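One structure below.
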Amino acid sequence: MKDKDTRIPVNREDGPEGGEASREESESAKLAADLEDLRQTLLRRQADFENYKKRIERERGEDSKRSTARVVEALIPVIDGFEHALAAHREAEYESYRRGFELIYKQLLDNLAKLGVERLEPVGQPFDPHLHQAMDRTETVEHEDGTVLQVFQPGYVFHGRVLRPAMVRVAVPADAASKASTIN
């Protein structure tokens, strides 16, 4: 009779060669996981760096606007001085000087406008406490309540920020003003 094959089948993974393949696969999986972690870290660092660059650019722009606003605030009294000088000397002998001053004044205002400065001339507009400072009020029936009637000193706005509010005279209804005075 033939002997039956009594050998036990060998699982190749269990043997010396099979364990090595398993180790190589686990090392490969570990390396792949490490590589993926490094990729994710790199992507996060790149995103952080892009956010940092954007924040720095935004802060630089804001710093530039703040510096320009300080310079403009310092120039506003100069503009006022020009306006007073131009209003004071209307005589014929000052005409050539006036023209020179008017040109310089216009250049100054044009350059400030290029920087983003807006002059507030609110006559006829509704009073806005964010942009105007009420210095006086006038009882009237000709104008709507809260309408700016006169500007004593113009205001200036720089990129939405009020550098100086306009000093104004505001209309109030004649009957409301008299009622308020009789109550007091």
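The values are calculated or read from the model by the stated rules, or taken from the named source; none is laboratory data. All figures in this text were calculated on a predicted structure; none of them were measured in a lab. Positions of Cβ are backbone-derived with ideal geometry, glycine not excepted, and every protein chain shown enters the neighbour counts.
Here are the numbers for this structure:
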item: Odd one out for GLU73, checked against (1) surrounded by fewer than 15 Cβ atoms within 10 Å (Cβ to Cβ); (2) more than 20 Å from HIS159 (Cβ to Cβ); (3) touching a strand residue (DSSP E or B) at 6+ places or on another chain (Cβ under 8 Å); result: (2)
item: Cβ pairs under 6 Å, 6+ apart, first in region 40-64 and not assigned by TED's automatic domain parsing to the domain that holds PHE158 and exposed (fewer than 10 other Cβ atoms within 10 Å of the Cβ), second outside any helix (DSSP H, G or I) and at pLDDT 95 or above; result: none
item: Failed criterion for PHE127 (all others in (1) farther than 30 Å from GLY61 by Cβ; (2) assigned by TED's automatic domain parsing to the domain that holds ASP63; (3) among the hydrophobic types (A, V, I, L, M, F, W, C) hold); result: (2)
item: Sole residue being over 29 Å from the mean Cα position of the chain (by Cα), part of a loop (DSSP other than H, G, I, E, B) and at negative phi, chosen from HIS130, HIS143; result: HIS143
item: Filtered residue count, region 101-124, keeping only those that are among the β-branched types (Val, Ile, Thr) and either assigned to a strand (DSSP E or B) or assigned by TED's automatic domain parsing to the domain that holds ALA174 (or both); result: 2
